[in-house]
Amino acid sequence: MTRDSTETPPAGGPTLQPAPDDAREVAASEAGSLDPLEVLPVPEAAEENPIAMSAFTETLSEDTLPETDFLAQPTPSGRPAEIDPEKLDPDALKVIHRLLSHGHQAYFVGGCVRDLMLGRKPKDFDIATSAHPGEVRAIFRNCRLIGRRFRLAHIYFKGGKIIEVSTFRANPTELDASNGVTAADTGAENGEEEGSETEESQDLLITHDNVFGTAEQDARRRDFTMNGLFYDVAEGQVIDYVRGRRDIDERYIRTIGDPEIRMREDPVRILRAVRFAAKLGLDIESRTYAAMEGAVEDLPRCAPARLLEETFRLIRGGVAAPTLRLLAALDALKVLLPPVAAYFKENGRRGRDTFYAFAEALDRRVSTGEPLDDAILLAALLVPIAQTAPVVESQDPAERPSVAQSIEELLAEFVQSARLPRRIAERCRLLLIAQRTLTGERRRRTGAFRRHPLFNDALIVFEISVEATGQYREALEAWKRGELPPLKSAEGATEGGEAPRKRRRRRRRGGRKAGEGASATGAPVSPDGEAAEPGDDSEGDDADSGADSDGDSESDEG
């Protein structure tokens, strides 16, 4: 496929640099008018969008845009379109038409093409183009550039909708190899010692990915063949440089190129392959699977935030059970969720069956379309671990109730290194603590517990737990009816067993002393000296102190 004069010149020629910031004004003055794409607001960005926000919010009448500004409907080459035009996003089509009208190549790419060929509805429509990020920003005023390692253009539409536009890129490692540049040469240029030559030459991890290239180079640098397909709207045809159509027909997940190299370039591809296999019902090709097993040891080298986000994507997609089974088979849970791996090792097959029962119950809940907070998703998976691990309650009034130590360490690690918001980690911890109240293992005060901001979320986690195990169903129904289920006896009798243990009322002598009823940190405490948390108990149902602790903790996090 040929490239016009606006594209990157062939190898050996001068390299095009992104358009300067004032290219936006030049393009606007040449066009002489705006189009509907430019009327939409864009989030402020101090470095990327110096134009005043009023330029985005002004209202234009429809007749201010000449009909010739948009590219006319393309005439196919005589063959019927391979993808029904009615299934394509109209806003994404506008973006493609605008890029084509400015002399650039532009195609639908990646997941949207794959899903349409599999008969599925795409979640979003991504576009690949020959225009550099700066040129895209010059064409679309409702555009914002994001990313450093991988520069992207986001074009904003009403309702928070975003069309993502990426520039054709080449694989940096393949480009260096084709130019005769080795990792050892790069190390020598940077002043590194010769002794590290072997180690550097074997390090394929991609740390920069803004090397622009052609459409074919862009297809070949992608991870899997099914994600390397382009769709040409003008011709109505799928462009296949990597034999992705064959693998989609055979329902295989196969890397583009040598699987050993591709997995070492970016080990996060292990999680992507697992997610695609579970979500799309595809098989992983044998050499690709073997490379995934070998690349698991490189997962700790990836950014923790990327690993955590990909892990949450597995859970949010309603395929937690099959993906976690695959990850366990690959021995990747020891990196992603260490407490789960330790739980499997300690409890054997019975522990695995219990854990996957929780994961399947969570998937069924997600498949109903109910939006669930990340704290709920994570807590639902950690409930079986929290139930089996011993919990040591501190006698220090200043200490808060805790969950299993392994879970506390996992949440702390997510917050410190993986950028998990502290608010989500704290909510997850409180939801797990509340499960002991809902099952009757902890004393509780009905009025304050029901008024707690996390009560409804805790009840959702409890419902998932009941569905997974079949236990505590009567307690769940009682909580839903607004009643108080029986409290477990000290010997651990179940709800249908012995009568609930009587509470011993505290006798007051001479009135309450100053400062009584508050912990050293100022938080309300229960009679047994614990700081008030979801599920804590205090004398009387008319006090509200137990409902305030979460509000305080969340206000600290903004």
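The values are calculated or read from the model by the stated rules, or taken from the named source; none is laboratory data. For clarity, every value in this text was computed on a predicted model and none was experimentally measured. Glycine also receives a Cβ, built like all others from the backbone with ideal geometry; neighbour counts cover every protein chain displayed. Just the protein is used for accessible areas: all its heavy atoms, side chains included, with ligands, DNA and RNA removed. Shrake-Rupley method; radii C 1.70, N 1.55, O 1.52, S 1.80 Å.
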- prompt: Cβ under 12 Å from ALA128's Cβ, ALA128 left aside: what net charge do those residues give with Lys, Arg +1 and Asp, Glu -1?
  reply: -2
query: On the accessible surface of the range 110-151, probed at 1.4 Å, how many percent belong to carbon and sulfur atoms?
result: 43
statement: Taking protein heavy atoms only, a 1.4 Å probe, and rounding to whole percent, the accessible area of the range 314-360 owed to carbon and sulfur comes out at 47
task: Quote to one decimal, in nm, the extra length available between ASP373 and GLU309 on full extension: 0.36 nm per residue of separation minus the C-alpha distance between them.
output: 21.7 nm
field: Residues in the range 94-135 reached by a label modelled at ASP84 [backbone nitrogen below 20 Å; 7 Å Cα→Cβ]
entry: 94, 108-109, 111-126
- prompt: In whole Å, how far is the Cα centre of the range 214-231 from that of the range 252-331?
  reply: 18
Karplus-derived 3J(HN,Hα), 6.51/-1.76/1.60, for each residue of the range 106-112, Hz, glycine and proline x: 7, 9, 6, 8, x, x, 5
field: Three-way shape label, the range 210-275, alpha-carbon gyration tensor, a/c 1.5
entry: oblate
statement: Expressed in square angstrom to the nearest 10, the accessible area of TYR472 with a 1.4 Å probe stands at 50
task: Go ahead and run the numbers for FRET between ARG364 and SER417, Cβ-Cβ distance against an R0 of 22 Å, rounding to 0.05.
output: 0.10
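Pull out the extension gain between GLU408 and PHE344, defined as 0.36 nm times the separation in residues minus the alpha carbon to alpha carbon distance; nm, one decimal.
21.2 nm
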- request: May I ask you to work out the translational diffusion coefficient for the range 313-389 at 20 °C, viscosity 1.002 mPa s, via Stokes-Einstein with Rh from the Kirkwood sum over Cα pairs, reported in whole µm²/s?
  value: 171
- prompt: Under 5 Å between amide H atoms, partner at least 5 residues away or on a different chain: which partners does ARG151 have, H built in plane at 1.01 Å?
  reply: none
field: Carbon + sulfur, % of accessible area of the range 428-487 - ligands and nucleic acids excluded, 1.4 Å
entry: 44
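Please go through the range 408-438 and write out the trypsin sites (Lys or Arg not before Pro) that DSSP classes as loop and that have at most 15 other C-beta atoms within 10 Å.
ARG419
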task: Please say if the range 250-343 is rounded, prolate or oblate, where rounded means a/c under 1.5 for a ≥ b ≥ c the square roots of the C-alpha gyration tensor eigenvalues, and otherwise the choice is prolate for a/b larger than b/c and oblate otherwise?
output: oblate
- prompt: Does the range 111-175 come out rounded, prolate or oblate, given a ≥ b ≥ c as the square roots of the eigenvalues of its C-alpha gyration tensor, rounded meaning a/c under 1.5 and, failing that, prolate meaning a/b above b/c?
  reply: oblate
